[in-house]
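The structure appears right after this line, and notes come after that.
Just so it is clear, none of the values below were taken in a lab; they were calculated from the coordinates. On a predicted model such as this, the values are computed, not experimentally measured, just so you know. Positions of Cβ are generated from backbone atoms using ideal geometry, with glycine treated the same way; all protein chains shown enter the neighbour counts.
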Amino acid sequence: MEIYEKINLLLQEKQMTKKEFAQRFISLEPRSKRTGEVLTSKVVYAYLSGKATINASFIPYMAEALGVSEQYLFDDNKKIRIKILKEVCEKPTKEELVLLKRISQQEDETYQEICSKLKYAPEIFLKKLQKKLLQFKQLSQEAL
């Protein structure tokens with residue numbers, strides 16, 4: 001996950017608009033270490049859209065504006081992913097609902113297509129398939 005994507009997820013989680021974030025961020029008066037330039041709203045929006053690469057010297061200010069640690073912006077571990085997924089499931093946005101529906105339909109279509117062809121499979125194949133699917137089920141349960 002790119003850092004701008006992580007920031008956008010945090011904005012949703014904190015129910016903060018991009019405008020509010022930009023105002024908080026700019027109010028901290030960050031300056032580029034290379035050029036000394038002052039940050040503008042236009043640049044912040046370019047960062048948030050992924051159209052511009054975030055200047056590394058601005059990361060501490062972004063973290064402060066979001067109320068998180070700098071490391072949190074880069075942390076992409078399993079716990080964070082699960083937390084984000086739970087939040088998406090609990091309070092999905094319209095875009096997330098559309099994506100979830102599309103994924104669900106694809107899975108349903110794939111599942112139905114496979115099931116419709118199983119009647120042509122020999123009995124020995126079906127027994128091996130059943131055994132393998134049980135193994136996958138056990139692995140999935142252990143992962144949780």
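Do we have any residue at all in the range 11-30 that's of a type in the set (K, R) and more than 13 Å from A65 (Cα to Cα)?
The answer is no; no qualifying residue exists.
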Fill in the blank from the handout: So, first residue aliphatic (A, V, I, L, M) in the range 89-106, second residue not in a helix (DSSP H, G or I), Cβ within less than 8 Å, six or more apart or across chains; the pairs are L100/P92
Practice task
Taking the residues in the range 33-42 that are assigned to a loop (DSSP other than H, G, I, E, B) and touching a Lys or Arg at 6+ places or on another chain (Cβ under 9 Å) as candidates, determine which candidate is farthest from K19 (Cα to Cα).
Solution key: E37
